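The values are calculated or read from the model by the stated rules, or taken from the named source; none is laboratory data. Nothing here was measured: the structure is a model prediction, and the numbers come from that model. All Cβ positions, glycine included, derive from the backbone under ideal geometry; neighbour counts span all protein chains shown. Accessible surface areas use protein heavy atoms only, side chains included; no ligands, DNA or RNA. Shrake-Rupley method; radii C 1.70, N 1.55, O 1.52, S 1.80 Å.
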Amino acid sequence: MAKKMLGSVSQLILFFYFSANPVALSDASTALSPAQQTGLPRVSFAEPVPNVTVAVGRDAALSCVVDNLGSHRVAWVHLDRQMILTIHRQVVARIGRFSVSYDHQRTWHLHIRGVQQEDAGRYMCQVNSEPMISQVGHVHVVVPPSVIDEDSSPSQLSVRENVRVSLLCRGRGVPAPRVNWKREDGRPLIEGKTGNHQMENSSGVTKRGDLPSRLVVAQDGEELIFSKISRTDSGAYLCIASNGVPPSVSKRITLDVEFEPMMFVPHQLLGSPLGGTLILECLTEAHPRPITFWTRTDTNNVNGIMLLPSKRLRLDTLHVGYQTQMRLHIHQVEAQDIGHYKCVSKNSLGEAEGSIRVYEMLSTPPPPKQVDARLTSTATSTFSPAAAIPSAVNDADRRPGENDDNSGEFTETGTNRKGKATHESVLGDQTVPYKNTAKKFNSVANSRSQGSPSTSARWSMSSSMLIITWSIHSILFR
């Protein structure tokens, strides 16, 4: 079929050529005469017509190299459109984008300026020899990708949470482009695992991977389907169409997921002394962006009022995406600040509130002052109960004339008093029987063992007094 069509086109070309150029007819008959054929070398093509690939809008050129052309002529024909373009050095087609040139040796060039898509196809270089010879080259016109806006999703799309959403991005170009999706903020598009699907990654490499059940890429990447969209899916998405012909093209689609407010309160009970500083905090999530405010009620949870900024109150609001941080700063807390507070968030879909109770913390009283009243007791005693403690009395401590009958007496240095073995001690200005002193010491020891700070601070006894007291206690209670 192709040969038949090629033959009919060739005959058509020769018809137009020789009817329009009678001189060429005589040239052709002369060239085809047996006498001249025997004396001249045969016409032939030195090289095939190359195939050319060109982007739309660029310039292209086809070359036809002919040996031994002699007086023969060269014509260019667009076979797919059955159109004669040039005959020898003359342009026949009424299209200003085509032209022809000759290097005065053996090469004929067909030039196409600003190639269009309809210029793609087969081009034949023909020589009017006998028999006629021809060869064909191809012009491939490639078209960079583009996105068809009228067949794609709008650039701004608002949807309700938990519904099915489909983002569509139609591309066109030659060859047909592939579409790849990614999030503008760089977060991964695919999270979770289920099923095995084919997808193209950011580097353009196609591989098989797992897709979450709620996310499906269909129709060669042109459609991104969320089976149950979530607030975390909010953001800008880029569909990138590419077909190997630069430049690639992308379309930006902003997806807003709407949902009613939700409130989170990190600390629902806060305390502060009067004059202190408090920071109340609430976190809310909502889209569209909510209206937020604070209210306060008294300790009976009545008479609620909306709080406005003042010298003691500062209200801070920080928005990050669909999240909002609310903070209430209270400086120099007063009695009227004690009570219940509410943080409120409202948008067109609903409202939410959180509750915080503020109570007064009583100040801790200062510790009582410690009285440094030391009760000291020092006594140097000499006694000689020979039967009990023979080594306890020295001979030098005895008075002249004393005998063993006075062994039960003792002399207290510093008081110069003489008495029986009642063993009195000097405690400050008071003279106290020893038995009471021993009881007092035991009570001091017990108080110290129980950690009584007042008693331990009040009593400070010298090491010599402790030794004497313990020795007397052993003699009396032996």
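For segment 87-95, indicate whether the set of residues that are touching a residue at least 40 places away in the same chain (Cβ under 8 Å) and within 58 Å of the chain's Cα centre (by Cα) is non-empty. No, that holds for no residue.
Residues of segment 210-233 that are of a type in the set (Val, Ile, Thr) and surrounded by 19 or more Cβ atoms within 10 Å (Cβ to Cβ): Val217, Ile229.
Taking segment 313-353 as the search range and keeping residues that are among the polar types (S, T, N, Q) and open to solvent by 20 Å² or more (accessible area, probe 1.4 Å), which one is modelled with the lowest pLDDT?
Gln336
In the set (1) modelled with pLDDT of 95 or more; (2) among the β-branched types (Val, Ile, Thr); (3) outside any loop (DSSP other than H, G, I, E, B), the condition left unmet by Thr38 is number (1). Within segment 100-125, the set of residues being crowded, with 16+ Cβ neighbours inside 10 Å, over 14 Å from Ala75 (Cβ atoms) and either hydroxyl-bearing (Ser, Thr, Tyr) or in contact with a Lys or Arg (Cβ under 8 Å, 6 or more places away or on another chain) (or both) comprises Ile112, Val115, Asp119.
Scanning segment 109-161 for residues that are among the basic types (Lys, Arg) and farther than 30 Å from Ser348 by Cα returns Arg113, Arg122.
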